[in-house]
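Contents: one structure, followed by commentary.
The values are calculated or read from the model by the stated rules, or taken from the named source; none is laboratory data. Since the model is a prediction, treat every value here as computed from it, not as a measurement. Cβ sites come from the backbone with ideal geometry, for glycine too, and all protein chains shown count toward neighbours. To get the accessible areas, we keep the full protein, side chains included, count just its heavy atoms, and leave off ligands, DNA and RNA. Shrake-Rupley method; radii C 1.70, N 1.55, O 1.52, S 1.80 Å.
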Amino acid sequence: MTDPATLALDGKGFEYPVMSGTIGPDVIDIRKLYAQTGDFTYDPGFTSTASCRSALTYIDGDEGVLLHRGYAIGELAEQSSFMEVAYLLLRGELPTADELKTFSTTITRHTMVHEQLAAFFRGFRRDAHPMAIMCGVVGALSAFYHDSTDIHDPVQRTIASHRLIAKIPTIAAMAYKYSVGQPFLYPDNSLSYTGNFLRMTFGVPAEPYEVNPAVEKAMDRIFILHADHEQNASTSTVRLAGSSGANPFACIAAGIACLWGPAHGGANEAALNMLREIGTPERIPEYIARAKDKNDPFRLMGFGHRVYKNYDPRATVMQKTVREVFDALKVNDPLFETALRLEEIALNDEYFVEKKLFPNVDFYSGVILSAIGFPTSMFTVLFALARTVGWVAQWNEMITDPDQKIGRPRQLYTGPTQRPYVPVGQR
Ligand code: ACO
């Protein structure tokens, strides 16, 4: 047992218990702080605040470690499948072969969406950003399953979770199809989760679509790399939305909205745009200089991370996957060379070394996704597809946590103190 933490305030002493997890930093339990002292803590961006307990994902940002239920992301990416990782995150253990088969079949049987859902797409301009469509259409799912989703019933929670994981690829593919003016394709239950998604995205009803096994494997791996990442902004958003007892489909739509931002899921789109703008390795120093210039808001996209102060372990797998996809598709995109060179220059630059800025998962993912044929506007959609597994697992964990409360942060008020209202004619 660690000794309690002591706090001295206004000449009085207070003690707060220290809680230990299985690994990682201890946390000081300050739940009674306000009741005892009348004070709050101040922690914008929650940099020092644990908002919950969780047994799903562990990150050691200094060492560059990412574990799902204890398994290293590198091993999962190399040896498992996205469906296995989904099962692992939801149920806590890796599935046996039979369990995996049953789980995959269950997910497959939920891939179709209600025919009426297609009508929602027509309400969007044809050039609407697919993330805008995702926010709207996934939110709309709540209207289809509201009465059948009692969040206090574990069976209904499981069905809602399966529906979300299964329908997200269908909706993501429909968002893409809508943007290119092609007809929607129904799911094909004979294909894998990822193969089915590729077919719904790139296939057309006029001819058969053959899934490229190398692309299917790479895509599945990309999904694994994005499946969960502890209490990041979008996951915290899902938990916060869910803490009020909101419909899970609506909570996931809230997560999608948060993920869209360029500092979070939108970074892979921004990273690829930046690489295209840089163009050739000769122009890298100019961009490195801009990234270091305090008066220039430009940042090297795909570099730096709130938690990783070391190489993002997902970036390692991603870099390897670029080569595999390029070989399989016989692509030779100079952007990859630019990316490799940029990484090398940045990693040897004092500014980046000192600030511990390393490539994150988004640095290479854009290069691969673009080689597979996805437009940049779809990148964050793919991230949302994969992260739905994590969001759903975290949402389930939150609902069953006995410590769970409605999320309600405090504030340091800096506005005017009470003052009399002045009627408009007298101002
Ligand atoms: N390029 C140049 N300088 C940077 C970069 C970067 N990519 N990232 C951080 N810095 C600098 C900041 O200017 C700051 O410098 P200062 O201390 O002199 O003011 C210092 O490093 C710390 O940066 P913060 O923004 O305070 O760090 P924080 O942990 O809040 O930010 C973030 C992390 C938002 C990811 C940031 O590194 C960034 O904007 N990176 C680019 C966007 C990106 O790649 N996002 C993807 C994140 S991964 C994901 O969501 C899956």
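Quick notes on this structure:
- Of the residues Glu75, Glu354, Glu397, ranked by 1.4 Å probe accessible area with the largest first, the sequence reads Glu354, Glu75, Glu397.
- If the segment from Gln182 to Arg126 were pulled out straight at 0.36 nm per residue, it would be longer than the present Cα-Cα gap by 19.1 nm.
- Candidates Thr417, Thr388, Thr105: whichever shows maximal mean-square fluctuation once the chain is modelled as a Gaussian network with Cα springs under 10 Å: Thr417
- On full extension, the segment bounded by Lys32 and Thr400 gains 130.2 nm, given 0.36 nm per residue less the C-alpha separation.
- Here is how the number arises for the chain: DSSP H runs of 4 or more residues each give -39500 (n - 2.57), the sum is divided by the residue count, and the result at 222 nm is -15500 deg cm²/dmol.
- With R₀ set to 35 Å, the beta-carbon distance separating Lys355 from Ala72 gives a calculated FRET efficiency near 0.85.
- Under-5 Å amide H pairs with Val65, H placed in peptide plane, nonlocal only: Asp60
- Solvent-accessible area assigned to carbon and sulfur over the chain amounts to 53 percent, based on a 1.4 Å probe.
- Segment 261-320 - percent relative contact order, Cα under 8 Å, separation 6 or more: 30
- Estimated dipole of segment 44-188 in Debye, rounded to 20 [Cβ of Lys and Arg +1, of Asp and Glu -1, Cα centre]: 680
- Gyration tensor verdict on segment 174-327 (Cα atoms; rounded if a/c is under 1.5, prolate if a/b is larger than b/c, oblate otherwise): oblate
- Helix runs (DSSP H) in the chain reaching 24 Å along axis by Cα, Kyte-Doolittle at least 0.5: 379-399
- Potential lengthening between Ala289 and Asp39 on full extension [0.36 nm per residue; Cα-Cα distance subtracted]: 85.6 nm
- The Gln411 and Gln116 beta-carbon pair, evaluated with R₀ = 35 Å, returns a calculated FRET efficiency of approximately 0.25.
- With one equal scatterer per alpha carbon and no solvent term, the Debye-computed log10 I(q)/I(0) for the chain at 0.10, 0.13, 0.14 1/Å reads -0.76, -1.20, -1.35.
- Spin-label model, Asn332 to Asp10: label points 7 Å out along the Cα-to-beta-carbon direction sit 7.3 nm apart.
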